[in-house]
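Notes for the one structure printed next.
The values are calculated or read from the model by the stated rules, or taken from the named source; none is laboratory data. It should be emphasised that the depicted structure is a prediction, and the values quoted were computed from it without experimental measurement. A quick note on method: Cβ atoms are made from the backbone with ideal geometry, for glycine too, and the neighbour counts reach across all protein chains shown. Accessible surface is based on the protein model in full, side chains and every heavy atom, while ligands, DNA and RNA are left aside. Shrake-Rupley method; radii C 1.70, N 1.55, O 1.52, S 1.80 Å.
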Amino acid sequence: VMNQWQVPGLAVAIVKDGKVVLAKGYGVREVGKPVQVDGGTIFDIGSNTKAFTAAALGTLVATRKLYWDARVVDYVKPFQMSSAYVTQSITLRDLLTHRSGYCDPGMWYTSDDSNVIARLRDQQPEYGFRAEFCYNNILYLTASRFIPAVTGETWNRYIAEHVFAPLGMDHTVTTAAEVAAANDVAVPHGLLDGKVVAIRPYWAHNMDIMSPVGGINSSADDMSHWMLMLLANGQYEGKTVLDSAIVREME
C-alpha cells in the first residue's frame with residue numbers, strides 16, 4: 001500500500017473482539033529522515049473529523065438538550081441561505097446528511113468561520129432541498145456552531161471533554177498550535193516532478209476555522225479507542241461514551 005500510494009509512512013490499528021490486536025507504524029514520518037512512524041504518530045484524520053462532530057452533537061441529543069430536527073435559524077445566528085424557504089426549514093439533520101441541495105462552494109480556505117457562514121446567502125443551490133446528496137463542508141461547520149449555542153463552550157473544548165477524554169484519546173488535538181507543539185507528527189508530502197517530497201505543513205496555515213470539519217489530528221493508538229467504542233454501541237471500558245441510539249443514528 002505504501003508503494004501504491006507513494007507515502008513514506010503510515011500507521012495501522014486493528015481491533016478484534018473488543019481488543020486492540022495491532023497498533024503499529026510503518027516507514028518514516030518524513031522522507032529522507034530516519035525517525036520512524038509508530039502507533040502514537042499524529043496524522044490529520046481529515047473528514048473523519050465529521051463523525052466526531054456528529055458524535056459530539058449526539059451527546060446533546062441524548063440528554064435532550066438538542067434535537068436532530070432542530071431548525072438551524074433557531075441556533076445559528078445570523079444564518080441565511082439564498083432560498084428563504086430553505087433558510088427557515090433546514091435542520092441539523094439536513095446539515096449532517098448533506099441533503100441541503102447546496103454543494104460545497106470551496107470558499108473557506110482564506111476566510112474566518114463567521115464570514116464563511118455569512119457568505120452562504122450568496123450561493124445558489126445545485127439541487128432541490130432534500131432531493132439529492134451533495135457534500136458540503138460549510139454546512140458541517142454550521143452544524144458545529146450548535147455546540148456553543150447550546151453549551152456556551154467552544155467546539156474544541158466540548159469535544160475534548162465529552163469525546164476525547166472519556167475515550168482516553170490523550171494525544172488527539174484540534175488546533176494548528178497543538179500539532180506544531182507535538183513531538184510525534186507525520187509531515188505532509190506531495191509529488192514534485194514525480195518525486196515524493198515533504199511540503200509545507202498544514203499547521204503552518206490558519207486552518208483552525210475548519211477544525212470541526214476536517215481538523216482533528218490523531219494517532220492509530222487513539223483512533224483504535226474510537227473504533228472500539230463504536231463497535232461496542234457506545235461503550236468503552238465499562239462506561240457509556242455515546243448512547244447506543246446515537247450510534248445507530250450515526251450509522
Going by a ≥ b ≥ c, the root eigenvalues of the Cα gyration tensor, does the range 1-85 fall in the rounded group (a/c under 1.5), the prolate group (a/b larger than b/c) or the oblate group? prolate
Lys, Arg +1 and Asp, Glu -1 on Cβ, resulting dipole of the chain about Cα centre, debye, nearest 20: 280
Dipole magnitude (debye, nearest 20) for the range 67-107, charges at Cβ of Lys, Arg, Asp, Glu: 40
Could you work out what % of the accessible surface of the chain is carbon and sulfur, using a 1.4 angstrom probe and leaving DNA, RNA and ligands out of the count? 51
Run the numbers on the range 48-181 and let me know its relative contact order in percent, using alpha-carbon pairs under 8 Å that are six or more apart. 27
Out of Gln80, Met169, Asn115 - ranked by how far each Cα lies towards the positive end of the dipole of the chain, with unit charges on the beta-carbon of charged residues - the top one is Gln80
Give me the angle, in degrees from 0 to 90, between the Cα long axis of helix 49-62 and the longest principal axis of the Cα atoms of the chain, rounded to the nearest 10. 50
Taking a cut-off of 15 Å between Cα atoms, list the aspartates and glutamates near Lys195, but don't count ones fewer than 8 places away on the same chain. Glu30
The range 196-251: relative contact order in percent, alpha carbon pairs under 8 Å with at least 6 residues between: 17
With each label point set 7 Å from Cα along the Cα-Cβ vector, what nm distance links Ala165 and Ile14? 3.5
With n ≥ 4 as the cut-off for DSSP H runs, can you work out [θ] at 222 nm for the chain, using -39500 (n - 2.57) per run divided by the number of residues, rounded to the nearest 500? -8000 deg cm²/dmol
Keeping every protein chain present and rolling a 1.4 Å probe, give me the accessible area per residue for the chain in Å². 51
Expressed in nm to one decimal, what extension gain is obtained for the pair Phe133 and Arg93 from 0.36 nm per residue of sequence separation less their Cα-Cα distance? 13.1 nm
Radius of gyration, Dmax [the chain; alpha carbons; angstrom]: 19.1, 57
Across 5 Å bins from the origin, how do the percents of Cα pairs in the range 48-170 run, short distances first? 2, 11, 22, 24, 20, 13, 6, 2, 1
Pairing the Cα long axis of helix 220-231 with the longest principal axis of the chain, what angle in degrees results, from 0 to 90 and rounded to the nearest 10? 50
